[in-house]
Amino acid sequence: MKNLRLKSARAAKDLSQQQLADLVGVSRQTISAIEKGDYNPTINLCIAICRALDKTLDDIFWE
Amino acid sequence: MDILKIVSTLVLPIVLIAAVVYELKRTLKYTNFDERQQIVRGRAFKYAYYTAMIFAAVIIVLEAGGTTIMSAVVFAGLQLYLSFIVFVSYCIFKDAYFTVSEKSVKGYALMLAGLGTINLVGGIIQAGKGHVMENGMLTKDCLGLVIGVSFLFIAAEFVVKKFLVSREEEE
């Protein structure tokens, strides 16, 4: 299932996939895979993404 | 001194040493695969292992049936390169071959293409002389062909992947 909330939160911060990937220390393809719903990140990566986007886990990853 | 001897005694060792130094520097410098890449690489190792096992099983069955198609050296070489191709191909297509810090793959692809071409040319020359198969068995001279084809295949894969990535619009 696509993670549209991550995509919109990233767009709201005006970050590209590569910029967000650099901020959280992963590859661009990993961010792309999370947004497409092809990969379920670990809680550590979820937290790192939320911190980079100034969001909570609920905002981005909770159904 | 024919061209093959010049290549094998002068050029090939230099290219191989350069490749080993490049790979060692790369391995020491870049170690940071992200969590998705580590999972993919684990899967790639598993598939490479299965490949090696299936290849061994096929050869053992053939051997048990009285058909010997290669020596132990050729078997070891082919098994190694088949597994290598499976591992590298899977990692490349799942974006897990290069670490997070590595941006440019051009030099690596060029090095593989160079090594592949040198080995392929050597292998074709050996095949032309009829050294690849003797008495119905593959000789170790076939390994040059295998290395050449596998390296060129991987180099081509880098090009295809780069093309696919460039087409992929960042959403």
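The values are calculated or read from the model by the stated rules, or taken from the named source; none is laboratory data. None of these values were measured; they are calculated from a predicted model. Every residue, glycine among them, receives a Cβ derived from its backbone with ideal geometry; neighbour counts consider all protein chains shown. Accessible surface areas use protein heavy atoms only, side chains included; no ligands, DNA or RNA. Shrake-Rupley method; radii C 1.70, N 1.55, O 1.52, S 1.80 Å.
What are the residues in the range B:135-159 that are outside any helix (DSSP H, G or I) and more than 18 Å from residue B:76 (Cβ to Cβ), if any?
B:135, B:136
Determine the pairs where a residue that is among the β-branched types (Val, Ile, Thr), located within the range A:1-25, has a partner that is open to solvent by less than 30 Å² (accessible area, probe 1.4 Å) with Cβ atoms under 6 Å apart, the partner being 6 or more residues away or on another chain.
Correct list of pairs: A:24/A:49; A:24/A:52.
Does residue A:52 count as touching a Gly at 6+ places or on another chain (Cβ under 8 Å), in a helix (DSSP H, G or I), more than 7 Å from chain B (Cβ to nearest Cβ) and closer than 21 Å to residue B:101 by Cβ?
no
Name the residue that is surrounded by the most Cβ atoms within 10 Å (Cβ to Cβ), counting only residues in the range A:23-63 that are under 21 Å from residue B:41 (Cβ atoms) and charged (D, E, K, R).
Here the residue is A:28.
Can you tell me which residue within the range A:8-17, out of those that are crowded, with 18+ Cβ neighbours inside 10 Å and closer than 15 Å to residue A:33 by Cα, is modelled with the lowest pLDDT?
In this case the residue turns out to be A:17.
Just to confirm my filter: which helices (runs of 4 or more DSSP H) fall fully inside the range B:9-97 and include at least 1 residues that are closer than 23 Å to residue B:107 by Cβ and within 14 Å of chain A (Cβ to nearest Cβ)?
The qualifying helices (runs of 4 or more DSSP H) are B:35-64, B:72-93.
So which residues in the range B:121-134 are among the hydrophobic types (A, V, I, L, M, F, W, C) and outside any helix (DSSP H, G or I), if there are any at all?
Result: B:132, B:133.
Within the range A:4-30, track down each residue that is within 9 Å of another protein chain (Cβ to nearest Cβ) and on the phi > 0 side of the Ramachandran plot.
Answer for the range A:4-30, where residues must be within 9 Å of another protein chain (Cβ to nearest Cβ) and on the phi > 0 side of the Ramachandran plot: just A:25.
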